[in-house]
Amino acid sequence: MSKQIFQPNAAFAADARIKNMDEYNALQNKAIEDYEGFWGDYAKEKLDWIEPFTNVLDESEAPFVKWFDGGKLNVSAQCIDRHLDARKNKAAIIFEGDRGDKQVITYLELYHEVNKFANLLKEDFGVQKGDRVVIYMPMIPEAAYAMLACARIGAIHSIVFGGFSSEALKDRIEDAAAKVVITADGAFRKEKPYMLKPVVDAAIDASSPVEKVLVVERNNEEVTWVEGRDYSYNELIKDKSTECEAEIMESEDPLFLLYTSGSTGKPKGVQHNSAGYILWAQMTMEWVFDVKENDTYWCTADIGWITGHTYIVYGPLAMGATTVMFEGVITYPDAGRPWKMVQDHRINQFYTAPTAIRVLHKMGEDEPAKYDLSSLKVLGTVGEPIDPPAWKWYYEEVGSSQCAIVDTYWQTETGGHIVSPLPGATPIKPACATLPLPGIIAEILDPATGEKTEVDETGYMCITRPWPSQIRGVWGDKERYVKSYYGDVQKDGKAVYFTGDGARYDEDGYITITGRTDDVINVSGHRMGTAEVEAAIKKHANVAEVAVVGKPHELKGEGIFAYIVLKSDEGVADEVAEMRAINTIIKQEIGNIAVCDDMVFAPGLPKTRSGKIMRRILRAIAKGEAITQDISTLEDPSIVAKIEAMVKG
């Protein structure tokens, strides 16, 4: 980790919600000293209650906890209705389509569209409180309307990312026992139509719990319509009333399910409930991004992931912000696309993944300079640790060395950020998640002793007290919930939430995430996180991306296999010399034990359309095993055969 420290921009900090480390420490100390008082005060301040809660936190059945018990509210009303008096004509959502088509939806228009959608679900499809509705949609405004309409009538939505296959969709539909699927005929990607409805058709068979399918006609391609099951949203919505009373919901009523990948077994339906989730979604928007009344905020994620749930829809709308939704690919028609959007919409906060940053850097290193990015105040990263070279380019070229980079650490299960810099307060170290947010009692623990780890000692990243936005359970499987999240670490004899990630403290108490504890390679008895080796390799000037996996080794048990994508499209003149240079860096950064036994200079890496590198595929290739995983949902399925040929050749 770089020891260089970047202080907050003084002018920005002067007007930030949390202005310095003294204010941060005061908030965190308040939470430690009076935990329930801390959260209870914020719940009263930030949420509009139909009926007030009577108890802040109930741990009597831990790890199944209850927050704000007795309180009643509606999340859709939190996001829309309460803003109408002051913000009805303010832009709630700015939509930009793949082809450059634009739409601005005000809070009043959002209110009307969500109410119409809610009435459609109730009147035409018989959807009631507690019913599950699967949403399989592109990034279009109707996807947000669908989420909020479900919340309005008390239905539990489960969004399935639009890149998942029919089998993955089928698994999630069946586990949730969804009675309705909301989809679209398709959408546009790089100006070409792609289809979603045929995937839904393939996922629904005679045994499916699905009774009705609602289809938004987005790209107007020909699709199959099943009589009595499939209905056109565009037709049904026309005569719906723009008024729909919000269902009164209990604090702990489920809001949504979001399934984690089922590639290693049955998908896990992560359940988030109403009050605690929406409270933390709003608070982190205000603290981590410091979004103000007239700001325009853009998160580039897809709503099919938790990032899109919390930081495109629920968080921004709960605080009355203007949020940008983007249908397309940020590198199309060229790598200047996101910077043109920042310029055109005068975006103030930009939130994306390190993978996207590295791709933008590689494809368009000089593109940011071509656009006016002076509106930017805060830059964010999400999904994985960001490496120092990408951080440096992001900070200097995109943010003109003026914007704080909030390297946010969190998970589907946490509901919102748990460790992150605060842009007006936290001195930032590149590629370091920094400190737990106020109210989050997070510690790095030794799994054997349950004690807090020492400086530079890798341990398990844990949260040792419940927090409002935490996962409430795995849908329909209490035992799996306990085993998955509370079965690995104990502190003072009590099971605590384990994130599944390794981490370490530095001398300032800052936290660096070292990667999944199950993404480790055991070389001659030494366990190393793949993220640490990858970070070292990325310090080579010509490395754009890298993925490291373990490969069986006759002497060491496991050797290290690196798949490397170079910045230069010309490749390397002398592969042996390049490998030697990379291993020299690894020796310098980690030690001889971490040198790579094998390297392949690949044309790309197998990634999902959300940018996640599929390391299981790379492990199989390294071991010479057949690829049994479905690769049809990868961004470029052909890359797998190319890498296999290179490894075999």
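The values are calculated or read from the model by the stated rules, or taken from the named source; none is laboratory data. Quick caveat, the model's predicted, so the values are computed rather than measured. Cβ: placed from backbone, ideal geometry, glycine included. Neighbour counts: every protein chain shown.
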Return yes when Pro385 is surrounded by fewer than 18 Cβ atoms within 10 Å (Cβ to Cβ), assigned to a loop (DSSP other than H, G, I, E, B), in contact with a strand residue (DSSP E or B) (Cβ under 8 Å, 6 or more places away or on another chain) and of a type outside the set (Lys, Arg) and no when it is not.
-> no
Report the residue count in the stretch 430-450 for those that are closer than 18 Å to Asp501 by Cβ, in a loop (DSSP other than H, G, I, E, B) and in contact (Cβ under 8 Å) with a residue 24 or more places away in the chain.
-> 9
Which residue out of Lys129, Lys102, Lys88 is surrounded by fewer than 18 Cβ atoms within 10 Å (Cβ to Cβ), more than 27 Å from Tyr231 (Cα to Cα) and in contact with a strand residue (DSSP E or B) (Cβ under 9 Å, 6 or more places away or on another chain)?
-> Lys88
Pairs under 6 Å by beta carbon, first residue of a type in the set (D, E, K, R) in the stretch 451-474, partner crowded, with 23+ Cβ neighbours inside 10 Å and modelled with pLDDT of 95 or more, six or more apart or different chains?
-> Arg472/Asn273
Inspect the stretch 390-409 for any residue being crowded, with 22+ Cβ neighbours inside 10 Å and within 21 Å of Met139 (Cβ to Cβ) and give the result as yes or no.
-> yes
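Yes/no per residue for (1) of a type in the set (S, T, N, Q); (2) at pLDDT 95 or above; (3) over 20 Å from Thr412 (Cβ atoms); (4) not in a strand (DSSP E or B):
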{"residue": "Glu457", "(1), (2), (3), (4)": "no, no, yes, yes"}
{"residue": "Cys462", "(1), (2), (3), (4)": "no, yes, no, no"}
{"residue": "Arg480", "(1), (2), (3), (4)": "no, no, no, yes"}
{"residue": "Tyr485", "(1), (2), (3), (4)": "no, no, no, yes"}
{"residue": "Asp488", "(1), (2), (3), (4)": "no, no, no, yes"}
{"residue": "Thr512", "(1), (2), (3), (4)": "yes, no, yes, no"}
{"residue": "Gly515", "(1), (2), (3), (4)": "no, no, no, no"}
{"residue": "Asn522", "(1), (2), (3), (4)": "yes, no, yes, no"}
{"residue": "Met528", "(1), (2), (3), (4)": "no, no, yes, no"}
Considering the stretch 196-213, residues that are at pLDDT 95 or above and under 24 Å from Arg99 (Cβ atoms), and then whichever is surrounded by the most Cβ atoms within 10 Å (Cβ to Cβ), we arrive at Val200
When every residue in the stretch 426-448 that is under 21 Å from Lys494 (Cα atoms) and among the aliphatic types (A, V, I, L, M) is compared, the one surrounded by the fewest Cβ atoms within 10 Å (Cβ to Cβ) is Ala448
Could you count how many residues in the stretch 579-599 are in a strand (DSSP E or B) and surrounded by fewer than 18 Cβ atoms within 10 Å (Cβ to Cβ)?
-> 1
What is the residue count in the stretch 6-54 for residues that are among the β-branched types (Val, Ile, Thr), farther than 21 Å from Val419 by Cα and in contact (Cβ under 8 Å) with a residue 24 or more places away in the chain?
-> 1
Any hit, the stretch 73-84, residues being small (Gly, Ala, Ser) and not in a helix (DSSP H, G or I) | no
Does Asp41 meet the test of being of a type in the set (Asp, Glu), under 26 Å from Ala321 (Cα atoms) and not in a helix (DSSP H, G or I)?
-> no
Name the residues in the stretch 285-299 that are closer than 25 Å to Gly611 by Cα, crowded, with 24+ Cβ neighbours inside 10 Å and either in the same structural domain as Pro141 (by TED's automatic domain parsing) or among the β-branched types (Val, Ile, Thr) (or both), would you?
-> Val288
Which ones in the stretch 134-173 are closer than 13 Å to Gly269 by Cα and either at pLDDT below 95 or of a type in the set (A, V, I, L, M, F, W, C) (or both)?
-> Val134, Ile156, Ile159, Val160, Ala168, Leu169, Asp171, Arg172, Ile173
